[in-house]
Amino acid sequence: MKTSTFAKTIGAILLGLTAFTGQAQVHPGKISGTVKDSLHQNVLPYATIQLKKYTDAAFVEAVISDDKGNFQLANLPHGLYFITADYLGYKKVKVDSLRVGETDAAKPLALFLPLDAKLLKAVTVTGYKPFIEQQADKLVLNVADSPLAAGGTTDEVITRAPGVVEQNGNFQVRGRTALVLIDGKNTNLSGEDLKNFLSSMPTNGVSKVEVIANPSAKYDAAGGAVINIITAKNKNYGTNGTLTLGTGIGQKARYNGGLSLNHRTQKLNVYGSLDRQHSQPFTTITSDRMLNEESRIRERSHEVRTQDNNSFKAGLDYDFSKKSSGGILVRGMLNQRRRVGTTVSRVSQGEMPGDLSTVDISGKSRVVSPSVNVFYKTLLDTAGTELRLGADYFSYGKDWQNQFSTRYYHGGGEEAQPASFLRDNSPASNSIQTVTADLVHPLKKGSLEAGLKATFTKTDNDIFWEGRTAAEGDWAVDAGKTNHFVYRENINAAYATYNTTFRKVSLQLGLRAEQTNTKGTSLTLEQENERNYFNLFPSVSGQYAVSGKQQVGVSYRKKIDRFRFDIVNPFVMYLSQYSYAQGNPNVQPSISHNFELSHTLNNSLFTSLSYGRHLNVLSEVVKPLEGTNAVVSSYANFNSADQWSGTITHMKGFYSGKWNTSNTVGFLYAQVFANGAARFRDARGSFMLSSSNTFQLGRGFKAEIFASYMSPMTFGAYAFKAQYSGNVGLSKSVLENKGTLTLNVADVFNTRTTRYETESFGVRSLSENKTESRLVRLNFSYRFGNKNVKGSKNRKTGNEEEKFRMESN
């Protein structure tokens with residue numbers, strides 16, 4: 001199907017939906033409303049709503065509020081009812097004498113739930129939100145309220161989520177590759193670029209992180225899960241802001257600082273922030289690789305990187321009317337890095353000391369990453385039909401320069417040959433443009449959502465290498481390493497989801513269509529690889545309310561795992577003297593079918609069991625580099641893979657809420673079915689444990705302890721050893737609760753190390769990667785300005801205008 005025909009077809013569907021909404025009528029036999037916190041008026045998602053007859057309290061129906069706190073009970077017989085709303089940590093609220101008549105539709109209710117008095121010892125309720133909240137369809141990390149997160153970076157926070165594992169710069173949720181979003185917008189980064197981006201993003205600008213294991217058809221089909229980073233946004237009227245200062249120590253000192261400002265009126269909100277981080281972390285990598293029964297190579301690399309990360313944000317939101325709003329957001333990063341390191345390699349034969357080589361590394365890099373987002377939202381009718389339009393531009397420009405000096409020595413220590421020198425100058429530019437259109441239409445008993453999205457991506461990597469064999473000699477182009485590669489990708493997508501609730505069952509049906517057009521061009525090799533394909537991605541999920549305190553759910557979703565942009569580059573890339581990487585232009589995306597069963601009890605015990613069947617699975621492999629003692633890592637497609645995972649999460653408060661704990665136990669098993677040449681070892685399942693605890697100590701003190709453990713695990717070419725770590729943090733409210741002083745220690749016992757064995761295509765090695773993880777940080781934040789919280793507006797259409805403000809960007 002051609003792109004133009006595809007877009008016109010979906011556009012006609014959206015226009016038809018828009019025309020249909022003009023004739024929509026509100027059914028009289030309906031009760032709808034919104035559940036909110038009575039103090040801050042924040043919406044309460046996934047609250048339990050029960051409807052009973054007023055005369056004899058007979059049960060009629062129970063529903064769960066959606067992620068915006070909205071609920072709806074439709075097709076109700078005429079009569080008199082009462083309704084209750086229940087949410088963990090809040091008092092139950094009851095509304096009596098609700099009449100459903102023959103002609104008059106009931107006005108939307110606003111149910112305000114107060115916090116349970118048992119959780120309160122003073123008037124203030126700040127600081128009582130736990131770091132981890134398990135909700136019906138996602139896990140939420142409350143970053144802004146965490147003493148452990150203060151002064152840290154976003155990548156550190158994400159790895160604390162139960163079931164989330166970082167591997168080679170990518171995040172996996174229950175073994176599924178995660179799509180990383182910022183405020184619902186795709187970062188379009190992966191691997192080392194994503195890791196560098198998130199490691200330079202300070203946590204003081206992050207409100208919370210959502211981990212969605214089974215996203216709906218609304219989200220891109222790429223990846224099996226979604227990690228959505230929600231940035232902080234002040235909701236107070238007037239002019240206000242936050243000043244943040246911090247320092248820390250690992251092996252070397254570090255510091256951070258930031259300032260955010262916000263000005264909000266009835267219709268206008270202008271905001272911005274500046275943040276800076278300076279750090280000097282180290283990385284140590286060791287490997288022991290067997291070449292044959294007698295020969296082996298031992299390598300040890302140690303590197304210190306001096307990093308200066310600067311980020312900014314500036315935005316404007318404006319309510320054009322009671323029904324429409326729009327805005328613009330500009331954000332960006334300017335990061336500079338310097339590296340100094342040494343790699344020592346020894347090739348040995350049996351018990352004899354082998355030849356030795358050393359590589360001294362120095363280099364610098366600069367990353368400039370601006371982005372722009374423009375959005376517009378409007379209500380189309382009195383039934384609440386909403387149209388959302390958006391456009392995004394994202395750029396990620398890199399400039400890398402490195403120098404390598406290699407010296408060779410015999411086993412006895414004498415120099416074997418003259419030193420050799422290498423240097424590279426490797427600029428790269430990545431850009432992404434995205435346009436979206438979404439339509440949400442309320443129905444008599446549910447809602448219909450549909451949308452269009454077009455994404456255009458271009459990556460241009462120009463790697464230029466030069467070499468010489470004498471310290472004062474002339475530099476000459478190294479044709480074996482020089483490489484210029486351009487990759488273009490265009491994805492046109494359309495989706496539709498239908499949500500409905502009847503009796504005790506909530507059902508969601510979704511279908512997403514994606515047309516992908518790619519073109520990879522190696523200007524150096526004069527090669528092109530072009531591909532076009534079209535896929536449909538159905539999804540279905542259902543939830544049954546066994547009672548007001550117990551729900552069971554089932555879901556199915558089809559997904560696609562696309563390759564990273566860099567792994568289709570066919571050229572061999574230098575990593576170290578005995579290690580290279582090479583792309584594979586022939587790799588294909590992998591399709592997966594994912595099933596999940598879930599159970600929720602009392603909003604405190606959450607259980608899930610998942611199975612995924614992956615076809616044409618994409619997996620990393622390591623092969624010998626022909627004619628050398630080096631190895632080259634690459635990617636290849638294999639027949640299939642099976643994946644099982646499960647989690648049990650329990651949340652509970654003790655001592656009237658002074659101690660809140662969230663504990664998760666899970667397992668993961670993944671088996672890649674490869675051909676004989678790969679010679680992968682048998683898979684080995686792993687179990688995971690994590691515990692997050694917050695303590696209210698009185699007098700403004702709050703403590704937090706987090707610990708995690710993952711047992712050994714084997715899948716594909718890699719067999720990982722056990723990993724475990726623990727973090728502690730303490731915060732104190734000062735200056736009449738306007739300031740917060742935080743002290744935390746990350747990886748207290750310095751145990752966060754990645755150790756793994758590799759067995760692939762005859763290559764056997766044992767490796768250990770240690771990035772500096774034990775850090776002591778002291779952070780101070782001060783909030784100033786107006787503290788008048790923006791209140792909810794009385795609107796005939798319920799909370800639609802609040803949705804505009806809360807959902808923007």
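The values are calculated or read from the model by the stated rules, or taken from the named source; none is laboratory data. Every value quoted in this text rests on a predicted model; they were computed, and no experiment measured them. Here the Cβ positions follow ideal geometry from the backbone for every residue, glycine too, while neighbour counts run over all protein chains shown.
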Residue count for the stretch 54-87, restricted to those that are more than 16 Å from Asn499 (Cβ to Cβ), assigned to a strand (DSSP E or B) and touching a Gly at 6+ places or on another chain (Cβ under 7 Å):
2
Which residues, taken from the stretch 516-536, are crowded, with 20+ Cβ neighbours inside 10 Å and over 30 Å from Phe464 (Cα atoms)?
Thr516
What is the number of the single condition among (1) within 19 Å of Lys504 (Cα to Cα); (2) within 33 Å of the chain's Cα centre (by Cα); (3) not in a loop (DSSP other than H, G, I, E, B) that Tyr46 does not meet?
(3)
Options Glu303, Glu299, Glu293; residue that is over 24 Å from the mean Cα position of the chain (by Cα), free of Cβ contacts under 8 Å to residues at least 24 places away in the same chain and under 30 Å from Glu414 (Cβ atoms)
Glu293
Qualifying positions in the stretch 363-390 - of a type in the set (A, V, I, L, M), out of contact with any Leu (no Cβ under 6 Å at 6 or more places or on another chain) and surrounded by fewer than 19 Cβ atoms within 10 Å (Cβ to Cβ):
Val372, Val374, Ala383, Leu389
Just give me the residues in the stretch 750-781 being over 13 Å from Pro281 (Cβ atoms) and in a loop (DSSP other than H, G, I, E, B), in sequence order.
Asn750, Thr751, Thr753, Phe761, Gly762
Could you pull out every one of the strands (runs of 3 or more DSSP E) wholly within the stretch 216-289 that has 1 or more residues that are in contact with a helix residue (DSSP H, G or I) (Cβ under 7 Å, 6 or more places away or on another chain), assigned by TED's automatic domain parsing to the domain that holds Val745 and of a type outside the set (Phe, Trp, Tyr)?
268-279
Out of (1) farther than 27 Å from Arg300 by Cβ; (2) surrounded by fewer than 20 Cβ atoms within 10 Å (Cβ to Cβ), what's the single condition that is false for Arg774?
(1)
On the given criteria, is Ala391 modelled with pLDDT under 90 and of a type in the set (A, V, I, L, M)?
no
Could you check, for the stretch 566-582, whether at least one of its residues is among the β-branched types (Val, Ile, Thr) and over 29 Å from Lys481 (Cβ atoms)?
no
Is it fair to say Asn603 is more than 23 Å from Phe715 (Cα to Cα), surrounded by 17 or more Cβ atoms within 10 Å (Cβ to Cβ) and within 26 Å of the chain's Cα centre (by Cα)?
yes
Asn799 passes all but one of (1) surrounded by fewer than 17 Cβ atoms within 10 Å (Cβ to Cβ); (2) modelled with pLDDT under 85; which number fails?
(1)
I need a count of the residues in the stretch 74-85 that are buried (at least 19 other Cβ atoms within 10 Å of the Cβ), modelled with pLDDT of 85 or more and either under 36 Å from the mean Cα position of the chain (by Cα) or closer than 17 Å to Asp37 by Cβ (or both).
1
Failed condition for Gln550, given (1) under 28 Å from Thr607 (Cβ atoms); (2) surrounded by fewer than 17 Cβ atoms within 10 Å (Cβ to Cβ); (3) within 26 Å of the chain's Cα centre (by Cα):
(3)
Can you say whether Ser579 is modelled with pLDDT of 80 or more, farther than 30 Å from Thr343 by Cα, among the polar types (S, T, N, Q) and crowded, with 19+ Cβ neighbours inside 10 Å, as far as the supplied structure shows?
no
Tell me, yes or no, whether the stretch 93-105 has at least one residue that is within 19 Å of Ser547 (Cα to Cα), of a type outside the set (Phe, Trp, Tyr) and either over 36 Å from the mean Cα position of the chain (by Cα) or modelled with pLDDT under 80 (or both).
yes
Check Val486 against each of (1) surrounded by fewer than 16 Cβ atoms within 10 Å (Cβ to Cβ); (2) of a type in the set (A, V, I, L, M); (3) more than 30 Å from Leu443 (Cα to Cα) and name the one condition it does not meet.
(1)
Looking at the stretch 396-413, which of its residues are under 16 Å from Thr469 (Cα atoms) and surrounded by 15 or more Cβ atoms within 10 Å (Cβ to Cβ)?
Phe404, Ser405, Thr406, Arg407, Tyr408, Tyr409
Looking at Ser692, Ser733, can you tell me which residue is in contact with a Gly (Cβ under 7 Å, 6 or more places away or on another chain), of a type outside the set (A, V, I, L, M, F, W, C), closer than 26 Å to Gly89 by Cα and in a strand (DSSP E or B)?
Ser733
In this structure, is Ala545 at pLDDT 90 or above, part of a strand (DSSP E or B) and touching a strand residue (DSSP E or B) at 6+ places or on another chain (Cβ under 8 Å)?
no
Lone qualifier among Ala476, Ala513, Ala493 - being closer than 21 Å to Gly363 by Cα, among the aliphatic types (A, V, I, L, M) and outside the structural domain of Lys30 (by TED's automatic domain parsing):
Ala476
Subset of the stretch 664-676, residues in contact (Cβ under 8 Å) with a residue 24 or more places away in the chain and either on the phi > 0 side of the Ramachandran plot or surrounded by fewer than 17 Cβ atoms within 10 Å (Cβ to Cβ) (or both), comes to Val665, Phe673, Asn675
Taking the condition of being closer than 15 Å to Lys445 by Cα and among the β-branched types (Val, Ile, Thr), how many residues in the stretch 50-73 meet it?
2
Could you check, for the stretch 776-796, whether at least one of its residues is among the β-branched types (Val, Ile, Thr), assigned by TED's automatic domain parsing to the domain that holds Ser324, at pLDDT 85 or above and at negative phi?
yes
Output the number of the condition that Ile705 fails; it satisfies all remaining conditions of (1) touching a Gly at 6+ places or on another chain (Cβ under 8 Å); (2) in a strand (DSSP E or B); (3) touching a residue at least 60 places away in the same chain (Cβ under 8 Å).
(3)
The lone exception for Ser645 - which of (1) touching a Phe, Trp or Tyr at 6+ places or on another chain (Cβ under 6 Å); (2) within 18 Å of Tyr718 (Cβ to Cβ) it fails
(1)
